[in-house]
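The values are calculated or read from the model by the stated rules, or taken from the named source; none is laboratory data. Small disclaimer: the values here were computed from a predicted structure and weren't measured. Don't worry about glycine lacking a Cβ; one is built from the backbone with ideal geometry, like all the others, and counts go over all protein chains shown. Please note that ligands, DNA and RNA were not included when accessible areas were found on the heavy atoms of the full protein model with its side chains. Shrake-Rupley method; radii C 1.70, N 1.55, O 1.52, S 1.80 Å.
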Amino acid sequence: WTRETKFPHSVWAAGRGLIALLLPNFDVVDNLWLEPCSWEAKNSGSLFCLHEDGSGTGEPQESSMGAWLVYIGIGCTKITKARNEGSMYGNAESRSYLEKKLVFCFGSHIAAQLLLPFGEENFLSASELKQAQEIATRMVIQYGWGPDDSPAVYYSTNAVTALSMGNNHEFEMAAKVEKIYDLAYEKAREMLKKNRQVLEKIVEELLEFEILTGKDLDRILNENGGLREKEPFSLLHVDYKEPLSRSFLDEGSASGTTFLDVAA
């Protein structure tokens with residue numbers, strides 16, 4: 001595959017890798033790589049290349065036989081979940097970790113906004129943006145970890161039935177979800193803009209060598225004046241100006257059922 005076809009995949013992988021590297025006490029970046037693979041997935045409308053962290057990109061194309069084939073390569077990342085960020089009560093994740101994970105979900109999307117040619121859309125980050133919406137919804141509705149630091153919990157997984165609190169209240173819930181989603185976007189954008197030179201260098205080396213280790217990323221970060229985030233890390237301290245996403249409030253009211261489905 002050519003440098004031109006590699007580029008968006010390199011940007012995708014670089015954005016994920018760098019944002020993870022910049023977050024304090026977050027998951028460990030093991031490798032980023034470009035894989036010029038080619039395989040067939042018969043009778044499938046979609047194709048995914050999954051690795052340990054569930055990441056990978058691919059562009060399916062339909063053959064004359066009706067099967068779906070991938071003819072070009074993919075960008076891949078291997079990122080190991082932080083062992084020290086689980087709850088002492090089991091597998092539940094802390095608020096701090098979920099806020100970092102929410103910011104992480106925007107890494108590849110922001111990288112594409114910064115580095116891809118103006119007007120060129122990159123759909124490689126679609127699943128990560130969906131995951132960000134799910135995390136933001138779960139934080140507000142299920143855990144009561146909203147942007148206003150309110151302890152209210154609107155939904156519990158072991159509840160027998162859901163209680164409707166009226167359209168106005170559900171609209172307020174939607175606004176909280178949207179706000180924490182946007183706060184994470186703002187934070188991710190701020191982090192990558194401050195480290196744009198590092199991001200560009202990672203993309204450049206990934207295009208050249210097609211694989212970078214965690215040590216390579218540390219080297220690039222140090223050589224290019226990278227600025228890591230420090231603890232305490234919190235989205236509550238992020239400047240919030242105007243809503244960036246209308247996905248939750250487009251209809252003018254929010255559906256409680258939609259939120260509960262996401263949180264479940």
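With 22 Å as the limit, write out which pairs from Lys130/Lys201; Lys78/Lys179; Lys130/Lys176; Lys194/Lys230; Lys6/Lys101 have Cα-Cα distances beyond it, or answer none. Pairs exceeding the cut-off: Lys130/Lys201; Lys78/Lys179; Lys6/Lys101. On the basis of the beta-carbon distance and an R0 of 22 Å, Leu207 and Val28 show a calculated FRET efficiency of 0.40. Between Arg196 and Lys81, how high is the FRET efficiency from 1/(1 + (r/R0)^6) when r is the Cβ-Cβ distance and R₀ = 25 Å? Nearest 0.05. Working from the Cβ atoms, E equals 0.40. Each of Trp33, Trp1 has its accessible area taken with a 1.4 Å probe; listed largest first, they run Trp1, Trp33.
Could you calculate the FRET efficiency of Phe118 with Asp218 from 1/(1 + (r/R0)^6), where r is the beta carbon distance between them and R0 is 25 Å, rounded to 0.05? My answer for the efficiency is 0.20. Counting only heavy atoms of the protein chains and using a 1.4 Å probe, Ile135 has close to 10 Å² of accessible surface. The accessible area of Glu210, taken with all protein chains in place and a 1.4 Å probe, comes to roughly 50 Å². The listed residues Phe26, Phe209, Phe118 rank as Phe118, Phe209, Phe26 when sorted by accessible area, largest first, using a 1.4 Å probe.
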